[in-house]
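*Asks:* Dropping the structure in here first, questions after.
The values are calculated or read from the model by the stated rules, or taken from the named source; none is laboratory data. For clarity, every value in this text was computed on a predicted model and none was experimentally measured. Using ideal geometry, Cβ is built from the backbone for each residue, glycine included, and neighbour counts are taken over all protein chains shown.
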Amino acid sequence: MTERTIHISRLDHHRLGALIEELLHSQVRDVEHVAALADEMHRAVVLPPTEIPPDVITMRSRARLLDLSTGEILEYTLVFPQEAEIAAGKISVLAPIGTAMLGYRIGDEFEWEVPTGVRRLRVEALLYQPEAAGDYHL
């Protein structure tokens with residue numbers, strides 16, 4: 001898959017940058033997840049929250065994804081690590097699928113590495129996006 005341009009709000013970029021710095025200066029075990037998020041942030045187009053397109057997955061967005069191999073529909077809310085709760089569909093941005101989701105748009109396809117190989121997913125819909133709802137303070 002080719003890399004696509006991803007979009008991140010200035011507020012998310014700031015918060016995620018602080019998270020990355022904090023984790024890099026701690027004894028985090030899964031440093032590769034932090035590095036993957038840092039890579040995504042470096043290639044992202046950073047925009048004011050009011051200019052984020054309404055079809056982009058941002059922090060605290062709820063997205064409907066389609067597994068292109070199985071046809072399974074997945075719904076996840078992308079959250080900060082301390083808010084993650086898999087049973088409630090809240091996926092940490094540091095989880096491989098969370099990092100993969102960040103910044104993609106409705107219709108975009110991306111890959112997610114799992115122990116059994118690679119899953120290909122497509123963003124089918126955004127059920128909620130804070131910026132589109134005017135929730136800039138979350």
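*Asks:* Quick check on the range 106-123: of everything there that is free of Cβ contacts under 8 Å to residues at least 12 places away in the same chain and in a loop (DSSP other than H, G, I, E, B), which residue is nearest to Glu32 (Cα to Cα)?
*Replies:* For the range 106-123, the residue satisfying everything is Pro115.
*Asks:* Okay, next question. Those residues that are basic (Lys, Arg) and in a helix (DSSP H, G or I), I need them from the range 70-105; list them, please.
*Replies:* Hits for the range 70-105: nothing passes.
*Asks:* Kindly indicate whether any position in the range 43-58 is at positive phi and in contact with a helix residue (DSSP H, G or I) (Cβ under 6 Å, 6 or more places away or on another chain).
*Replies:* no
*Asks:* Of all residues in the range 36-69, how many are surrounded by 13 or more Cβ atoms within 10 Å (Cβ to Cβ), without any contact (Cβ under 8 Å) to a residue 60 or more places away in the chain and either small (Gly, Ala, Ser) or assigned to a loop (DSSP other than H, G, I, E, B) (or both)?
*Replies:* Count: 4.
*Asks:* Take the residues in the range 126-136 that are surrounded by 15 or more Cβ atoms within 10 Å (Cβ to Cβ) and of a type in the set (A, V, I, L, M, F, W, C); name whichever of them is modelled with the lowest pLDDT.
*Replies:* Ala132
*Asks:* Just one of Ile97, Ile57 is in contact with a strand residue (DSSP E or B) (Cβ under 9 Å, 6 or more places away or on another chain) and within 13 Å of Asp12 (Cα to Cα); which is it?
*Replies:* One residue alone meets the criteria, Ile57.
*Asks:* Mind checking which residues of the range 127-138 are touching a Lys or Arg at 6+ places or on another chain (Cβ under 7 Å) and either free of Cβ contacts under 8 Å to residues at least 12 places away in the same chain or not aromatic (Phe, Trp, Tyr) (or both)?
*Replies:* Leu127, Pro130, Leu138
*Asks:* Of the residues in the range 107-125, how many are surrounded by fewer than 18 Cβ atoms within 10 Å (Cβ to Cβ), of a type in the set (Val, Ile, Thr) and within 12 Å of Leu68 (Cβ to Cβ)?
*Replies:* Residues meeting the conditions: 1.
*Asks:* Please enumerate the residues belonging to the range 35-54 that are more than 22 Å from Pro96 (Cβ to Cβ) and in contact with an Asp or Glu (Cβ under 8 Å, 6 or more places away or on another chain).
*Replies:* Pro49, Thr50, Ile52, Pro54
*Asks:* Which residue, of Tyr104, Tyr76, is crowded, with 17+ Cβ neighbours inside 10 Å, out of contact with any Gly (no Cβ under 6 Å at 6 or more places or on another chain) and of a type in the set (Ser, Thr, Tyr)?
*Replies:* Every option except Tyr104 fails the conditions.
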